[in-house]
Amino acid sequence: MNLTEAKIGIEYIIKEIVTDDEDLDAFLFSLGCYAGEPIAVINHLRGGCIIAVKNGRYTIDRELASAIEI
């Protein structure tokens, strides 16, 4: 399951980041999105979602959300 299917307000653990794009992978890593890290969806938006990871909240698009397996 990926973040596009996640329920709002429930904390999940990131299983893996599924992408062949090194820049996308590096960007997600800079946000703190990597395997074993807790993550929660704050809200779903038309083009993506708002996530909480580490001590921050970020808006990510659908492509990024679908690359994060939980």
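The values are calculated or read from the model by the stated rules, or taken from the named source; none is laboratory data. On a predicted model such as this, the values are computed, not experimentally measured, just so you know. Backbone-built Cβ (ideal geometry, glycine too); neighbour counts: all protein chains shown.
Taking the conditions (1) surrounded by fewer than 16 Cβ atoms within 10 Å (Cβ to Cβ); (2) at pLDDT 95 or above in turn, Ile14 satisfies each one other than (1). Of the residues making up segment 38-52, those that are within 12 Å of Tyr12 (Cβ to Cβ) and either touching a residue at least 24 places away in the same chain (Cβ under 8 Å) or exposed (fewer than 13 other Cβ atoms within 10 Å of the Cβ) (or both) are Pro38, Ile39, Ala40, Val41, Ile51. Among what's in segment 16-36 and is part of a loop (DSSP other than H, G, I, E, B) and β-branched (Val, Ile, Thr), pick the residue that is farthest from Ile68 (Cα to Cα). Out of the qualifying residues, it is Thr19. Among residues of segment 23-37 that are farther than 15 Å from Asn2 by Cβ and touching a residue at least 40 places away in the same chain (Cβ under 8 Å), none has a beta-carbon under 6 Å from a residue that is in a helix (DSSP H, G or I) and aliphatic (A, V, I, L, M) at least six positions away or on a different chain.
The set of residues in segment 58-68 being under 17 Å from Gly9 (Cβ atoms) and either over 11 Å from the mean Cα position of the chain (by Cα) or part of a helix (DSSP H, G or I) (or both) consists of Ala65 alone. In segment 37-57, the residue that is nearest to the chain's Cα centre (by Cα) out of those that are modelled with pLDDT under 95 and in a loop (DSSP other than H, G, I, E, B) is Lys54. Checking each residue of segment 7-20 against the condition of being in contact (Cβ under 8 Å) with a residue 12 or more places away in the chain, of a type outside the set (Phe, Trp, Tyr) and touching a His at 6+ places or on another chain (Cβ under 9 Å) gives at least one match.
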